[in-house]
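What follows is a short report on a single structure.
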Amino acid sequence: MNYFFILGSHPALSLTELAVKLSGRWQVVNDNLALASQVAELSADLLEYLGGTIKFGRVIGQFNQLNEAAAQVIAKQLLAVAPADKKICFGLSNYDRQPLSRDLGIQIKRFIQDTGRSARWVISRAAALSSVVVEQNHLLTSGGEVVLWRQDNCWQWGVTVAVQPFKSLSARDYGRPARDDQSGMLPPKLAQIMLNLAGFEPGDSVLDPFCGSGTILQEAALMKAGRIIGLDNSGVAVANSQINWQWLANRWPIEIDPEISLADARQASVQLANQRIKRIVTEPYLGPQRGRRNFMVIAQELNQLYSQALVDWQKIIAPGGRVVMIWPVFIDGHQKHLVQPKMAGWRKVKYSQLARQAWPKQYTLDGNLLYGRPGQVVWRAIVGLEKV
């Protein structure tokens with residue numbers, strides 16, 4: 001089966017995560033949309049723990065022109081899947097630079113009404129409907145979101161299967177009681193992406209040696225980790241992780257208790273003597289977040305911290321295990337200061353070459369995926385490592 005995927009604001013990161021989780025032939029259409037051919041049918045709950053994908057759906061077919069005949073075909077598809085006792089609500093999302101004629105929506109609605117069914121066309125100011133609009137107008141259950149894009153001089157189209165669960169992600173991001181806005185907090189979506197890049201599978205053991213307020217621990221629990229361990233050398237961070245965990249456990253079904261301790265990430269092997277961990281996923285200390293900063297000095301200090309931690313983690317990483325961590329990239333005017341710790345005994349994971357070819361500017365010169373927003377001083381380079 002052929003599927004389309006609507007990528008997030010960092011498409012290289014989105015596609016890389018998808019390529020790790022889903023095998024198949026991948027194709028980049030544009031900055032918003034990628035296609036994949038899958039052997040098995042994909043479940044509607046796929047996006048529950050794919051942090052980088054906004055929507056996905058089935059590819060239905062193509063049209064040479066978006067004319068009255070195309071509108072009739074789309075209307076028949078909507079009639080075939082919509083509940084028989086409800087008004088058919090539909091929307092059109094255009095992921096191409098060439099605009100759609102308003103006539104297409106009018107014609108689809110008319111064809112539906114000609115069958116004796118009532119219909120509502122959901123529109124927005126943007127060319128593509130947001131996940132919020134799709135969800136709040138019940139398009140996935142009472143009709144459909146029709147997604148269109150151009151490829152090979154034709155209009156391709158499909159119907160959305162699921163959208164990212166924005167409500168629960170937002171609740172876990174902004175609803176947590178213990179927040180550290182001074183040092184910054186990892187978004188749950190990025191935590192999900194990092195876990196997936198680490199090759200996470202349900203039942204895996206997960207260690208975050210710089211657990212902070214516990215975002216990675218919480219997302220790993222929701223993704224059915226078998227064991228969850230958080231370490232931090234800050235008593236405040238440990239307390240925050242514990243508070244946030246209790247908050248999460250009171251609202252989501254979690255069947256595991258975390259192991260959260262005060263400890264130095266460079267001595268994790270002492271805390272976990274003779275134990276083996278499958279996935280080490282972490283956003284380490286990124287340096288001071290406020291005040292006047294000498295980024296060259298900070299980068300040197302972090303190089304030493306991360307190098308020492310990586311030496312220690314070799315003692316506890318399980319065979320076939322993987323580390324995914326963030327290295328900061330400091331933007332000082334037109335100058336970039338990179339953190340490049342010593343990697344003796346480690347090799348970088350080679351992720352999607354297709355993503356790197358499509359979006360080379362979303363990588364550091366040494367091949368690490370970048371995450372950040374224009375104007376930010378500290379960007380995140382996401383690095384995957386395996387033991388040599």
(request) For residue 115, indicate whether it is among the polar types (S, T, N, Q) and either at pLDDT below 95 or over 24 Å from the mean Cα position of the chain (by Cα) (or both). (result) yes
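Considering only the range 62-85, I want to know if a residue exists there that is among the basic types (Lys, Arg), over 18 Å from residue 98 (Cβ atoms) and in contact with a strand residue (DSSP E or B) (Cβ under 7 Å, 6 or more places away or on another chain). Outline the logic, then answer.
Within the range 62-85, the subset among the basic types (Lys, Arg) is 76.
Now restrict to residues that are over 18 Å from residue 98 (Cβ atoms): 76.
Checking which are in contact with a strand residue (DSSP E or B) (Cβ under 7 Å, 6 or more places away or on another chain) leaves us with none.
The answer is no; no qualifying residue exists.
What are the residues in the range 1-49 that are of a type in the set (D, E, K, R) and under 16 Å from residue 160 (Cβ atoms), if any?
41, 45, 48
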(message) Filter the range 352-361 down to the residues that are touching a helix residue (DSSP H, G or I) at 6+ places or on another chain (Cβ under 9 Å) and either modelled with pLDDT of 95 or more or not assigned by TED's automatic domain parsing to the domain that holds residue 383 (or both) and list them by number.
(response) 354, 355, 356, 358, 359, 360
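Restricting the range 313-343 to residues that are out of contact with any strand residue (DSSP E or B) (no Cβ under 9 Å at 6 or more places or on another chain) and in a strand (DSSP E or B), which is surrounded by the fewest Cβ atoms within 10 Å (Cβ to Cβ)? Can you show your working first?
Keep residues of the range 313-343 that are out of contact with any strand residue (DSSP E or B) (no Cβ under 9 Å at 6 or more places or on another chain), which gives 315, 332-335, 342.
Within this subset, residues satisfying the condition of being in a strand (DSSP E or B) are 332, 335.
On the way: 332: 12, 335: 9.
The extreme case among them is 335.
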(request) Mind listing just one residue for me: the one in the range 264-312 that is among the charged types (D, E, K, R) and within 22 Å of residue 344 (Cα to Cα) and, of those, surrounded by the fewest Cβ atoms within 10 Å (Cβ to Cβ)? (result) 276
(message) Among (1) within 20 Å of residue 174 (Cβ to Cβ); (2) surrounded by 15 or more Cβ atoms within 10 Å (Cβ to Cβ); (3) within 24 Å of the chain's Cα centre (by Cα), there is one condition residue 252 misses while meeting the rest; what is its number?
(response) (2)
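Looking at 101, 118, 124, 93, which is the one that is hydroxyl-bearing (Ser, Thr, Tyr) and either outside the structural domain of residue 17 (by TED's automatic domain parsing) or surrounded by 19 or more Cβ atoms within 10 Å (Cβ to Cβ) (or both)?
Values: 101 fails: either outside the structural domain of residue 17 (by TED's automatic domain parsing) or surrounded by 19 or more Cβ atoms within 10 Å (Cβ to Cβ) (or both); 118 fails: either outside the structural domain of residue 17 (by TED's automatic domain parsing) or surrounded by 19 or more Cβ atoms within 10 Å (Cβ to Cβ) (or both); 124 fails: either outside the structural domain of residue 17 (by TED's automatic domain parsing) or surrounded by 19 or more Cβ atoms within 10 Å (Cβ to Cβ) (or both).
It is 93.
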(request) Find all pairs meeting these conditions: Cβ atoms under 9 angstrom apart; at least six residues apart or on different chains; first residue within the range 323-340 and within 27 Å of residue 276 (Cα to Cα); second residue part of a strand (DSSP E or B) and among the hydroxyl-bearing types (Ser, Thr, Tyr). (result) 323/282; 324/282; 325/282; 326/282; 326/371
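For (1) modelled with pLDDT under 95; (2) in contact with a Ser or Thr (Cβ under 7 Å, 6 or more places away or on another chain); (3) closer than 17 Å to residue 36 by Cβ; (4) aromatic (Phe, Trp, Tyr), each residue gets a yes or a no:
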| residue | (1), (2), (3), (4) |
| --- | --- |
| 141 | yes, no, no, no |
| 147 | no, yes, yes, no |
| 150 | no, no, no, no |
| 153 | yes, no, no, no |
| 156 | no, no, yes, no |
| 160 | no, no, yes, no |
| 163 | no, yes, no, no |
| 173 | yes, no, no, no |
| 177 | yes, no, no, no |
(request) Could you grab me the full set of residues in the range 272-312 that are without any contact (Cβ under 8 Å) to a residue 12 or more places away in the chain and among the small types (Gly, Ala, Ser)? (result) 273, 291
(request) From the list 373, 356, pick out the single residue that is buried (at least 16 other Cβ atoms within 10 Å of the Cβ) and either in a helix (DSSP H, G or I) or under 25 Å from the mean Cα position of the chain (by Cα) (or both). (result) 356
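Hey, among the residues in the range 29-54 that are among the β-branched types (Val, Ile, Thr) and surrounded by fewer than 19 Cβ atoms within 10 Å (Cβ to Cβ), which one's modelled with the highest pLDDT? First the steps, then the outcome.
In the first step, residues of the range 29-54 are kept if they are among the β-branched types (Val, Ile, Thr); the result is 29, 39, 53-54.
Keeping just the survivors that are surrounded by fewer than 19 Cβ atoms within 10 Å (Cβ to Cβ) gives 29, 39.
Values: 29: 97, 39: 74.
Within the range 29-54, the match that is modelled with the highest pLDDT is 29.
The values are calculated or read from the model by the stated rules, or taken from the named source; none is laboratory data. Treat the numbers as computed from the prediction; the structure is a model and nothing was measured. A quick note on method: Cβ atoms are made from the backbone with ideal geometry, for glycine too, and the neighbour counts reach across all protein chains shown.
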